Amino acid sequence: MAANGLMTASNVFLHRPVHPQFSFSSRTSQMAPLGVKGRVNFIGNVNRCFPVVLSMAKSETFEEAGKSVAPGNGISIMVNGCSGKMGKAVIKAADSAGVKIVPTSFGSAEEAGQRVEVCGKEILVHGPTEREKVLSSVFEKYPELIVVDYTIPSAVNDNAELYGKVGVPFVMGTTGGDRTRLYKTVEESKIYAVISPQMGKQVVAFLAAMEIMSEQFPGAFAGYSLEVMESHQASKLDASGTAKAVISCFQKLGVSYDMDQIQLIRDPKQQIEVVGVPEEHVLGHAFHLYHLTSPDKTVSFEFQHNVCGRSIYAEGTVDAVLFLAKKIRSKAEKRIYNMIDVLREGNMR
């Protein structure tokens with residue numbers, strides 16, 4: 001049965017690999033509750049498989065998908081927040097895809113005048129006072145410009161209003177800000193944009209599958225208890241938006257859970273010793289574990305997704321840029337998109 005452009009299809013078996021660097025693991029076979037000292041345990045070390053009957057329904061034929069924008073074919077991107085780790089990762093991914101990098105970026109007043117070198121390219125950072133003049137000049141020079149925004153939450157709305165005023169399409173990867181105001185700004189300015197707080201393609205696909213399950217099987221986990229652990233770099237103070245979205249799905253499935261119960265792991269020592277985060281990725285990772293237990297404690301389910309580094313988000317961002325360029329060139333009626341739209345296109349690298 002189709003639902004929101006997605007439909008059931010033949011069984012696909014998902015296999016959960018045992019990998020010391022990418023799993024919450026244990027050397028014992030006994031189950032320990034989340035939050036206790038020592039490693040978080042799975043029951044044993046056996047491989048488990050379960051059938052999934054979900055697949056993405058493409059919105060166009062294979063031949064049409066083949067007409068997508070070719071990497072580097074006239075597209076230029078301006079990465080705002082280029083001095084940050086995420087901004088640099090996007091520039092590297094875009095450069096590998098053959099997309100032209102504009103040697104201009106916006107940053108804070110303190111960053112104004114700095115030159116950031118990434119992939120052998122020197123990018124000049126401009127402060128807040130000259131943004132409109134600079135952006136208009138860049139857009140005139142690069143008519144197929146798309147701005148990528150990885151700045152800070154407090155800058156989201158002002159930046160979007162600037163992009164709308166100049167008429168530049170953009171991909172917003174920055175989280176936070178007033179999201180209602182953000183969408184209103186884009187609608188009123190009639191520019192094209194991809195807006196998504198989560199740019200990791202595979203994580204978005206997992207979230208979509210969770211949404212479908214919660215819509216089609218409400219109450220399937222009624223009575224089950226839920227424990228959630230998520231680990232991110234110490235600089236991330238709030239709970240993950242992805243974790244909250246997954247929990248929301250479990251709530252629709254009948255699980256009673258309050259968001260303030262999420263166990264946030266931010267201590268580097270605990271992340272390495274308890275969670276199993278590789279030491280080289282302590283400053284940039286996202287490990288999530290969702291553990292469900294039946295009322296009589298005889299059945300348990302575990303959902304897990306672990307990300308090391310930022311490449312998954314950078315690659316997703318570049319796919320969003322190529323997707324948006326295609327929509328602009330085809331003069332698509334719809335102008336505001338998210339990563340689900342990018343996934344449905346089915347033409348990712």
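The values are calculated or read from the model by the stated rules, or taken from the named source; none is laboratory data. Worth saying up front: this structure is predicted, and the values here are computed from it rather than measured. Heads up, the Cβs are rebuilt from the backbone with ideal geometry, glycines too, and the neighbour counts pull from every protein chain shown. Surface areas here come from the heavy atoms of the whole protein model, side chains and all, with no ligands, DNA or RNA. Shrake-Rupley method; radii C 1.70, N 1.55, O 1.52, S 1.80 Å.
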Segment 204-349: Rg to Rh, with Rh as the Kirkwood radius over Cα pairs: 1.03
5 angstrom amide H check on Val99, placed H, neighbours 5+ away: Gly72
J(HN,Hα) series, segment 235-242, from Karplus relation 6.51 cos²θ - 1.76 cosθ + 1.60, nearest Hz, glycine and proline x: 6, 8, 8, 8, 6, 5, x, 5
Solvent exposure of segment 280-349 as accessible area per residue, Å², 1.4 Å probe: 43
Segment 188-257 shape via C-alpha gyration tensor axes, a/c threshold 1.5: oblate
Packing-based order for 91-104, 291-304, using average beta carbon neighbours within 10 Å, highest first: 91-104, 291-304
Order by protection proxy (mean Cβ within 10 Å, highest first), peptides 266-274, 320-328: 320-328, 266-274
Paramagnetic label zone (point 7 Å from Cα along Cα-to-C-beta, Thr180; backbone N under 17 Å) in segment 227-256: none
Note, ³J(HN,Hα) from phi for segment 149-164, Karplus 6.51, -1.76, 1.60, rounded to Hz, x at Gly and Pro: 10, 10, 9, 10, x, 5, 9, 3, 6, 5, 5, 4, 5, 5, 4, x
In nm, spacing of pseudo-spin labels at Phe217 and Asp296 (7 Å Cα→C-beta vector): 1.9
Interchain or long-range residues, amide H under 5 Å from Val118's placed H: Ile123
Carbon plus sulfur fraction of accessible area for segment 173-213, probe 1.4 Å, in percent: 56
For segment 272-284, 3J(HN,Hα) per residue [Karplus equation, 6.51 cos²θ - 1.76 cosθ + 1.60, θ = phi - 60°, Hz, x = Gly/Pro]: 6, 7, 9, 7, x, 6, x, 4, 6, 10, 4, 8, x
Percent breakdown of C-alpha pair distances by 5 Å bin, ordered from the shortest bin, for segment 168-224: 4, 15, 17, 16, 15, 14, 11, 5, 2, 1
